[in-house]
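Reading through the structure tokens given below for one structure.
The values are calculated or read from the model by the stated rules, or taken from the named source; none is laboratory data. As the structure is a computational prediction, the values presented were derived from the model and not from experiment. Here the Cβ positions follow ideal geometry from the backbone for every residue, glycine too, while neighbour counts run over all protein chains shown. Please note that ligands, DNA and RNA were not included when accessible areas were found on the heavy atoms of the full protein model with its side chains. Shrake-Rupley method; radii C 1.70, N 1.55, O 1.52, S 1.80 Å.
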Amino acid sequence: MNPHYPPLRHISSCFVKPELDCLPQESKQPLHLSPLDLPMLSAHYIQKGLLFHKPPDAYHHPHTFMPNLLHRLKASFSTALLHFYPLSGRLATTINDHPPSISVYVDCVNSPGAKFIHAALDTTISDVLSPVDVPSVVHSFFDHDRAVNYDGQTMPLLSIQVTELLDGVFIGCSFNHVIGDGTSYWNFFNMWSEIFQAPSNQISRPPVLKRWFPDGYGPIINLPFTHTDQFISRFEAPQLRERMFHFSAESIAKLKAKAKTECGSKGISSFQSLSALVWRSITRARRIAEDQPTICMMAANGRARLEPPFSENYFGNVVRAVKAEAKAGELLEKELGWAALKLHDAVVNITDKNLRDSLDQWLQSPYTFQLGRFFSPNSIMMGSSPRFNVYGNEFGMGKAVALRSGYANKFDGKVSSFPGNEGGGSIDLEICLLPQNMAMLESDLEFMNVVSSSPFQPCES
């Protein structure tokens, strides 16, 4: 932790469960995990959170503001868990002898519930947002630091930490990635916010909790493992710099127009254009030899690509990593539009057949995503999505000032994308790089000329 920040104070913690009388009958049965979920067992929890300004009421009534806020947050959280009841459970493992294997499922009954933590830090919003790099103290705003999803057998599958700052409140959420992907995460967060604003047992987007299995499989998937060493590894990231870069809607529109003109394709999206810029710029910053292969991976939501398509409210993992490859020399010699078209073609190739073929391969030879082994040093990974409803979440304090994330799932070349605070098509990128690579990126003219200034972080050139 940064020595310039005071220590975080843990004030209280408790477990929150939905009202048992209101739960459906199926909540008493094991929730078996799909082949789309099980590869995530060795990855970290999803850790994302929102930072809010304290409203005037916090200063007018300093002794009652936080108790009242915490009470409302817990009450709405409990109601949200009625709809998302697997999040109040724990993982459980069955060991099979013939043949030797294990099966992992969610036990929604034998669990104390989801966790709710109240903490405080004597610092300001500006102290958190104004440094060029995201300060490491932000990692302390989240529970489950460095936990992998398989730890959900002894740890809550969902943990909320409410951290009070001198002039703000951070609501951080650690969410077990085996239970769901980013779409599932933000659906839960959005519905919790909806209940907070208008308390009701009815929500506008109830999750589809029934797990999907390919024909001929499920509901129990046996994994051919006999020891955790065969499918779990503890990844420790090297010392990284984490920085948020802001791109205005106007800046992205110009970049997209440039990419389209250069490659002659009208199908290039804004995000593909931005990802192409990042791929080229980080490759240049790493000073990779011309003959070395580079990879750009993008996390893509498969819900609409399967036939029949899944509901966007399907609660689980339906994310697919697509990739484009190019030699470093070719990537940098060609124009931006060439790289954007490669990414576009990779996305177009995510079809129902492609997804099912990939799933069949996994079922024949199951494995888990392990950070230290899955990503090559010359690759980048574009995670999260600028389409998520991040800034529509309100908890009685108005619109959030900023989004920040925890330690989880970060490595050299991890890039996470979020909508910009002002909306309108603006995008924020959280880029994690080794210090020497970040320094080179910050002096990359092609990249920095597209970066826009933000209220807390002046643009550097």
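Would it be correct to say that Ser184 is out of contact with any Lys or Arg (no Cβ under 7 Å at 6 or more places or on another chain) and surrounded by fewer than 21 Cβ atoms within 10 Å (Cβ to Cβ)? Spelling it out, it is not the case that Ser184 is out of contact with any Lys or Arg (no Cβ under 7 Å at 6 or more places or on another chain) and surrounded by fewer than 21 Cβ atoms within 10 Å (Cβ to Cβ). The set of residues in region 366-385 that are over 16 Å from Glu430 (Cβ atoms) and of a type outside the set (Gly, Ala, Ser) comprises Pro366, Tyr367, Thr368, Phe369, Gln370, Leu371, Arg373, Phe374, Phe375, Pro377, Asn378.
Whenever a residue of region 114-132 is basic (Lys, Arg), its partners that are surrounded by fewer than 19 Cβ atoms within 10 Å (Cβ to Cβ) and not in a helix (DSSP H, G or I), lying with C-beta atoms within less than 7 angstrom and at least six residues away or across chains, give the pairs Lys115/Ser13; Lys115/Phe15.
Annotation note: of Ile295, Ile268, Ile282, the sole residue that is over 14 Å from Phe447 (Cβ atoms) and open to solvent by less than 20 Å² (accessible area, probe 1.4 Å) is Ile268.
Every residue, every condition in (1) small (Gly, Ala, Ser); (2) open to solvent by 80 Å² or more (accessible area, probe 1.4 Å), yes or no:
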residue: Ser193; (1), (2): yes, no
residue: Ile203; (1), (2): no, no
residue: Leu209; (1), (2): no, no
residue: Pro214; (1), (2): no, no
residue: Tyr217; (1), (2): no, yes
residue: Asn222; (1), (2): no, yes
residue: Gln230; (1), (2): no, yes
residue: Arg234; (1), (2): no, yes
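Just one of the numbered conditions (1) part of a helix (DSSP H, G or I); (2) open to solvent by less than 20 Å² (accessible area, probe 1.4 Å); (3) over 30 Å from Ser453 (Cα atoms) is not true of Val128: (3). Only one of the numbered conditions (1) in a loop (DSSP other than H, G, I, E, B); (2) hydroxyl-bearing (Ser, Thr, Tyr); (3) within 27 Å of Asp151 (Cβ to Cβ) is violated by Ser184, and that is (1).
Within region 5-56, the only residue that satisfies the criterion of being small (Gly, Ala, Ser) and in contact with an Asp or Glu (Cβ under 9 Å, 6 or more places away or on another chain) is Ser13.
State whether the residues of region 193-202 include one that is touching a helix residue (DSSP H, G or I) at 6+ places or on another chain (Cβ under 7 Å), closer than 30 Å to Leu433 by Cβ and in a loop (DSSP other than H, G, I, E, B). No, region 193-202 contains no residue that is touching a helix residue (DSSP H, G or I) at 6+ places or on another chain (Cβ under 7 Å), closer than 30 Å to Leu433 by Cβ and in a loop (DSSP other than H, G, I, E, B). Selection of strands (runs of 3 or more DSSP E) fully inside region 1-108 by the criterion of at least 1 residues being polar (S, T, N, Q) and open to solvent by 40 Å² or more (accessible area, probe 1.4 Å) returns 9-16, 90-96.
Taken together, His177, His139 contain a single residue that is part of a loop (DSSP other than H, G, I, E, B), in contact with a Phe, Trp or Tyr (Cβ under 8 Å, 6 or more places away or on another chain) and touching a residue at least 40 places away in the same chain (Cβ under 8 Å), which is His177. For Glu242, the criteria (1) outside any helix (DSSP H, G or I); (2) within 30 Å of Leu306 (Cα to Cα); (3) touching a helix residue (DSSP H, G or I) at 6+ places or on another chain (Cβ under 9 Å) hold in every case but one, which is (2). Beta carbons closer than 8 Å, at least 6 apart along the sequence or on distinct chains, pair a first residue in region 41-64 that is under 24 Å from Val138 (Cα atoms) and among the charged types (D, E, K, R) with a second that is in a helix (DSSP H, G or I) and open to solvent by 10 Å² or more (accessible area, probe 1.4 Å) for Lys54/Phe65. From the list Glu325, Glu307, the one residue that fits, being more than 23 Å from the chain's Cα centre (by Cα) and not in a loop (DSSP other than H, G, I, E, B), is Glu325.
Within region 52-66, the residues that satisfy the criterion of being of a type in the set (Phe, Trp, Tyr) and modelled with pLDDT of 95 or more are Phe52, Phe65.
For region 308-335, the set of residues classified as closer than 18 Å to Phe375 by Cβ, open to solvent by less than 60 Å² (accessible area, probe 1.4 Å) and out of contact with any Leu (no Cβ under 7 Å at 6 or more places or on another chain) consists of Ala321, Val322, Ala326, Ala328, Leu331, listed by residue number.
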